[in-house]
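Structure first, then comments.
The values are calculated or read from the model by the stated rules, or taken from the named source; none is laboratory data. Keep in mind the model is a prediction, meaning the values are calculated, not measured. Neighbour counts are summed over all protein chains in view; Cβ atoms, including those assigned to glycine, are modelled from backbone coordinates with ideal geometry. These accessible areas exclude ligands, DNA and RNA; they are computed on the full protein's heavy atoms, side chains included. Shrake-Rupley method; radii C 1.70, N 1.55, O 1.52, S 1.80 Å.
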Amino acid sequence: MQRSLYSTRFAGSAKSDALGSFEAARGLSRSRRDFLRSAAGVALGSALIGASPFVRGETARKKRKVIVITFGGGARDQETFAPEGQENIPNMLHELAPQSSFFTHVTNQGILGHYVATASLATGVYETLNNFSAIPPEHPTVFEYFRKDLKRPSSDAWVVAPSNGFNRIGESDCRSYGPGEGARVILPKHLLSAAASGTTDYEHLLRDNYENPLYTPQIAGGEVEMQQLQMILKLSVDDFMTHARTVSSPDELSVYIAKRLMHEQAPSLLWITMHDIDVAHTGAYSLYVDAIRRTDRLCAELWKAAQTEPEYAGNTTLFVLPDFGRDSDYDAGGNGFQHHRTGDVASRTTWMMALGAGVRQGVVYDNPVQSIDLVPSLGAIMGFSPAQSQGKPIRELL
């Protein structure tokens, strides 16, 4: 009897904590909503009634392009979607958000590590793999679903990844999908390392991660990377190195490679992970803010590139979302902007914007969704079935 009473009290406490967290997350979501309605002039999406603007049919789906941009580590509202942060995101706030369906309440209930969280976004399942191991996800990825169900070639799904640890993100360990069914992965840092041949001129572009500086997985190769440059990207080593000298960050190099892929290969599913914001782990607030501003500019740059490429113009839907947030300044167990260790509301409650072909423009939704809902939403849009995903399609996108 005593044990039962204890269990009841514990369950009641857990329920109370969960309710408190949900209310805090909802408050954060509403703050984003109100800010966007005021600063970007968007409308409340729940007031809309009508059919989805997506054009259906096999022909439309074959032409459709989807680009996904994820923020490695995310950024807090006080540096972005809040009055005090708006100066850091002029492109997202004034150019992208007014064209988008903006979701203010996206929750990540999984492990808050960059690789494992990105793997969860790509599978629609909260993965539990070691964040600092170069291993594939356990569950099928969106790329495998896309290629197998729609019988698409390997050239039609690509990942541009930020560091060597992401080299396995394109394909899972799931036997029912098998080897060779995933996306092709391109690692700009690895390309640069192979091309630089040991010179120290590019060290600022080659740092693998900021969270664990001791983790730098080695990937054998060199010849394959040069083939990617010359055969796939139609880019000479000299031209690549010349451009590398003009960029100041790894994400700028990634965007350059992504634009080359769009021009030369025109993949229907292109996934790009930004990682510059993770410089926050060093504790340098100014570098963290600079990275937010750079990411804001690069997102707009990629969207503009999609409008100028004939294969993408008018056919492309862009998704932009963080993998998770960062610690608040008010949690005694965290370090504010520097880390994402507490699992508090600021770390777990993020946002997503979708814009382009088939998306309602200038609307904001504050109903709760999860980050793992992205994959089933892409499946509904593109016509494949993510059978093992644990998320649900976001109805406002369908």
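Within region 110-135, the only residue that satisfies the criterion of being among the hydroxyl-bearing types (S, T, Y), under 21 Å from R184 (Cα atoms) and over 16 Å from the mean Cα position of the chain (by Cα) is S133.
One residue alone among A291, A258, A266 is open to solvent by 10 Å² or more (accessible area, probe 1.4 Å), at pLDDT 90 or above and among the hydrophobic types (A, V, I, L, M, F, W, C), and that residue is A266. Inside region 171-193, residues that are of a type in the set (A, V, I, L, M, F, W, C) and either closer than 15 Å to P250 by Cα or modelled with pLDDT under 65 (or both) make up a count of 4. Against the test of being of a type in the set (D, E, K, R) and more than 29 Å from N367 (Cβ to Cβ), the options R348, R341, R294 yield a single qualifying residue, R294.
Every residue, every condition in (1) crowded, with 17+ Cβ neighbours inside 10 Å; (2) out of contact with any helix residue (DSSP H, G or I) (no Cβ under 6 Å at 6 or more places or on another chain), yes or no:
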| site | (1), (2) |
| --- | --- |
| L298 | yes, no |
| A305 | yes, no |
| E311 | no, yes |
| G314 | no, yes |
| V320 | yes, no |
| F324 | yes, no |
| Y330 | no, yes |
| D344 | yes, yes |
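Looking only at region 375-398, which residues are out of contact with any Lys or Arg (no Cβ under 8 Å at 6 or more places or on another chain), within 21 Å of R30 (Cα to Cα) and either outside any loop (DSSP other than H, G, I, E, B) or aromatic (F, W, Y) (or both)? Those that are out of contact with any Lys or Arg (no Cβ under 8 Å at 6 or more places or on another chain), within 21 Å of R30 (Cα to Cα) and either outside any loop (DSSP other than H, G, I, E, B) or aromatic (F, W, Y) (or both): R395, L397. State yes or no: is V159 open to solvent by less than 20 Å² (accessible area, probe 1.4 Å), within 19 Å of F71 (Cα to Cα) and touching a Gly at 6+ places or on another chain (Cβ under 8 Å)? Yes, satisfied. Do we have S38 as hydroxyl-bearing (S, T, Y), assigned to a helix (DSSP H, G or I) and modelled with pLDDT of 85 or more here? Yes; evaluated as a whole, the condition is true for this residue. Among the residues in region 149-159, are any outside any helix (DSSP H, G or I) and among the hydroxyl-bearing types (S, T, Y)? So far as region 149-159 goes, no, none of its residues is outside any helix (DSSP H, G or I) and among the hydroxyl-bearing types (S, T, Y).
Out of all the residues in region 107-126, which are surrounded by fewer than 24 Cβ atoms within 10 Å (Cβ to Cβ) and closer than 17 Å to K392 by Cα? Correct list: T107, Q109, G110, V125, Y126.
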